[in-house]
1. Give the number of residues within region 127-150 that are outside any strand (DSSP E or B) and either in contact (Cβ under 8 Å) with a residue 24 or more places away in the chain or within 16 Å of the ligand (Cβ to nearest atom) (or both).
2. What's the total number of residues in region 8-43 that are in contact (Cβ under 8 Å) with a residue 60 or more places away in the chain and in contact with a Leu (Cβ under 7 Å, 6 or more places away or on another chain)?
3. Which pairs turn up if I take residues in region 151-162 that are closer than 16 Å to VAL53 by Cβ and look for partners that are away from the ligand (no atom under 11 Å from the Cβ) with beta carbon separation below 6 Å, at least 6 apart in sequence or on another chain?
4. Would you mind stating whether VAL94 is crowded, with 16+ Cβ neighbours inside 10 Å, touching a strand residue (DSSP E or B) at 6+ places or on another chain (Cβ under 8 Å) and of a type outside the set (Phe, Trp, Tyr)?
5. So how many residues does region 61-118 have that are over 17 Å from THR139 (Cβ atoms) and touching a Pro at 6+ places or on another chain (Cβ under 9 Å)?
6. Can you pull out every residue in region 154-169 that is surrounded by fewer than 13 Cβ atoms within 10 Å (Cβ to Cβ) and either more than 16 Å from the ligand (Cβ to nearest atom) or β-branched (Val, Ile, Thr) (or both)?
7. Does any residue of region 97-109 turn out to be loosely packed, with under 13 Cβ neighbours inside 10 Å and more than 30 Å from GLY170 (Cβ to Cβ)?
8. Given region 12-126, what strands (runs of 3 or more DSSP E) lie entirely inside it while holding 2 or more residues that are over 30 Å from ARG176 (Cα atoms)?
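The values are calculated or read from the model by the stated rules, or taken from the named source; none is laboratory data. Everything numeric here is computed off the predicted structure, so don't read it as measured data. Please note: Cβ atoms are built from the backbone with ideal geometry, for glycine as well, and neighbour counts cover all protein chains shown.
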Amino acid sequence: MIRPVVLYPAPVLNVKCRNITTVTDEHRTLAADMLETMRDENGVGLAAPQVGVDLQLAVIDVSHNPKCVSYFKVNGQDADMVAHMPIVFINPVVEGGKVKVTDEEGCLSFPRLRANIRRSAEVKVTYETLDGGKVTIETDGLLARAFQHEIDHLNGILFIQRMSAAAKLGLKRKLRDLMAEWAEDAEADDEDEA
Ligand SMILES: [Zn+2]
């Protein structure tokens, strides 16, 4: 089922999400819904808070772009990136490499906004899977960027917090528009309930 994507500045986007201790059917349904929602929105990643759930669960799929990484290792072994997509990851821990790269990013919670963000070029991510396994992925490129973006979401950090001050200033007006739209929508929701 497609779920509505939560837009900035909804408060759920700013909280550190809770760990999942035992995977239940509810989490499996959430993951399936998030994959469906991400595809519907043409996104490459989606984190649980973006559908209003403050849990350490996110999804990524970069299979449309098989050349977006120069290497992909699963538990230390070279592996086929496309065959491993989509990735549903729980309680992730990320280690970023020292080398940083700047590239343009968008976020489904910020419609029409794109910005250059500096992030580690390479990552090592360890996470739990829906069937209780533990996986470590090492990679670079768009996938490394997507992992960092989604794991930031799970810690309540938004990509605008990673922008340079100058870039943020340039987007001030767009951010203000998003805040105004959000306030209007919230008001409309209240009326629906009343
Ligand atoms: Zn995002």
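1. Taking region 127-150 as the starting set, the residues that turn out to be outside any strand (DSSP E or B) are 129-133, 141-150.
Retained after the next criterion (residues that are either in contact (Cβ under 8 Å) with a residue 24 or more places away in the chain or within 16 Å of the ligand (Cβ to nearest atom) (or both)): 129-132, 141-150.
Qualifying residue count for the region: 14.
2. Let us first name the residues in region 8-43 that are in contact (Cβ under 8 Å) with a residue 60 or more places away in the chain, namely 8-10, 13-17, 19-20, 23, 27-28, 31, 38, 41, 43.
Narrowing further to those that are in contact with a Leu (Cβ under 7 Å, 6 or more places away or on another chain): 8, 13, 17, 20, 23, 27-28, 31, 38, 41, 43.
Qualifying residue count, region 8-43: 11.
3. ILE151/PRO92; ILE151/VAL94; LEU154/CYS17; LEU154/GLN56; ASN155/LYS16; GLY156/ASN14; GLY156/VAL15; GLY156/LYS16
4. Numbers: crowded, with 16+ Cβ neighbours inside 10 Å: yes; touching a strand residue (DSSP E or B) at 6+ places or on another chain (Cβ under 8 Å): yes; of a type outside the set (Phe, Trp, Tyr): yes.
Yes; evaluated as a whole, the condition is true for this residue.
5. Of the residues in that region, 1 qualify.
6. To start, the set of residues in region 154-169 that are surrounded by fewer than 13 Cβ atoms within 10 Å (Cβ to Cβ) comprises 161, 165-166, 169.
Scanning region 154-169 gives ALA165, ALA166, LEU169.
7. no
8. 72-74, 87-96
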